[in-house]
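Participant: Shown below is the structure under consideration.
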Amino acid sequence: MPKPATTLTLSLAAVVLATGIRAQELSPRAYWPAPRGTQVLTVGAIVTRGDTVPDPSLPISGLDSSIDTVAVGYLRTLNLWGRSANIVLEAPFSDGETVAEHPEGGSLGLDYSGLGDISATLSVNLLGAPSMNREEFTELRRAPRPILGASLKVVAPTGEYDSERLINVGANRWAAKAELGYIQVLSPKWLLELEVGAWVFGDNDDFLGRTRSADPLYTVETHLVRRFRPGFWLSLDANYYHGGRGSLDGRRLNDLQRDSKFGATLVYPVADKQAVKLSYASGSVNDSNEEFDIYTLSYQLLF
């Protein structure tokens with residue numbers, strides 16, 4: 001039977017909170033299970049540089065942003081109809097500056113700061129991962145098997161928002177993402193993950209005095225994961241997203257999103273109940289020469 005310290009490390013290895021603040025987030029190991037009753041607190045710092053804003057679906061371009069975000073997340077695993085499941089709560093706080101070039105010369109700068117939109121995600125593994133105690137989970141980790149999961153993420157319009165400002169920390173609308181995820185075992189040390197999902201957005205009925213709406217945004221995401229030892233793993237990440245074309249008072253905008261993002265994630269345990277997560281991602285905006293980079297450092301505590 002594994003020692004308590006070992007099983008705690010194994011539990012932490014199974015749980016990686018994605019401090020996602022955008023619709024096109026990269027989230028490796030989102031459907032890898034954990035023993036029932038596992039709880040994890042995550043505090044992360046996200047640094048974003050380049051052509052993007054807190055709500056990247058805004059119909060604007062030609063930007064240069066510097067955005068610093070602190071995100072706090074809480075995860076708890078559940079037994080849902082005999083299947084392993086978890087619920088994740090996330091709350092980001094962002095401080096940023098965006099500079100836009102003026103068409104007639106010069107530039108315009110805008111500062112913003114405040115609490116972002118709070119989100120909640122419910123995930124359940126449909127096949128391959130029933131609800132497990134620590135001993136059963138240890139056996140799954142020793143001999144992994146294919147897993148199929150599903151999730152629903154809901155983002156509430158709780159962030160700081162001023163209807164007279166073009167750029168805000170909050171989006172002033174509800175959003176939800178439904179997703180299916182599949183884990184294919186390539187070998188005991190290598191896993192391939194594939195996720196397909198769709199975001200749907202409510203209307204922002206106070207966008208500079210107008211109503212702003214958006215079509216669904218469809219996403220495909222993949223991760224190649226290398227497991228080194230309990231709690232220590234590396235993944236190469238990529239996604240593709242298409243859709244999200246917006247409208248203002250019913251007038252269609254030319255802001256269709258159809259781009260990709262690439263990155264890598266490293267998680268390393270620093271103690272029996274603690275781990276650090278490092279990630280980097282690079283993406284582009286609407287098939288243009290505009291690009292952005294995202295750097296993330298997170299600390300995770302299991303209890």
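Where a number appears in this text, it was derived from the coordinates with a stated rule and is not lab data. On a predicted model such as this, the values are computed, not experimentally measured, just so you know. Cβ sites come from the backbone with ideal geometry, for glycine too, and all protein chains shown count toward neighbours.
Participant: Can you give the local net charge around Asn86? Use residues other than it whose beta-carbon is closer than 10 angstrom to its beta-carbon, Lys and Arg +1, Asp and Glu -1. Walk me through the numbers on the way to the answer.
Facilitator: On the way: positive: Arg36, Arg76; negative: none.
That sum, taken over residues with Cβ under 10 Å, equals +2.
Participant: Only counting other Cβ atoms within 10 Å, I'd like Thr219, Thr138 sorted with the fewest neighbours first.
Facilitator: Details: Thr219 22, Thr138 18.
Lowest to highest Cβ neighbour count: Thr138, Thr219.
Participant: Please tell me which of these pairs span more than 25 angstrom C-alpha to C-alpha: Lys153/Lys277; Lys153/Lys189; Lys153/Lys273?
Facilitator: Numbers: Lys153/Lys277 22 Å; Lys153/Lys189 29 Å; Lys153/Lys273 27 Å.
Over 25 Å apart, Cα to Cα: Lys153/Lys189; Lys153/Lys273.
Participant: How would you rank Lys261, Lys273, going from fewest to most other Cβ atoms within 10 Å of each one's own Cβ?
Facilitator: Details: Lys261 21, Lys273 16.
Arranged by neighbour count, lowest to highest, Lys261, Lys273 become Lys273, Lys261.
Participant: Leu191: net charge of surrounding residues, Cβ under 10 Å, Lys/Arg +1, Asp/Glu -1, itself excluded? Kindly include the intermediate steps, with their values, before the conclusion.
Facilitator: Values: positive: Arg29, Lys189, Arg226, Arg227; negative: Glu193.
Net charge in that neighbourhood comes out at +3.
Participant: Here is a further query. Expressed in whole Å with the largest first, what are the equivalent ellipsoid semi-axes of the range 187-243 derived from the C-alpha gyration tensor as the square root of 5 times each eigenvalue? Please report the intermediate quantities before stating the final value.
Facilitator: Details: eigenvalues 287, 29, 11 Å².
So the equivalent ellipsoid measures 38, 12, 8 Å along its semi-axes.
Participant: Would you order Ser66, Ser187, Ser284 from fewest to most other beta-carbon atoms within 10 Å of each residue's own beta-carbon? Don't skip to the end; give the middle numbers.
Facilitator: Details: Ser66 13, Ser187 9, Ser284 17.
Ranking Ser66, Ser187, Ser284 by Cβ neighbours within 10 Å, fewest first, gives Ser187, Ser66, Ser284.
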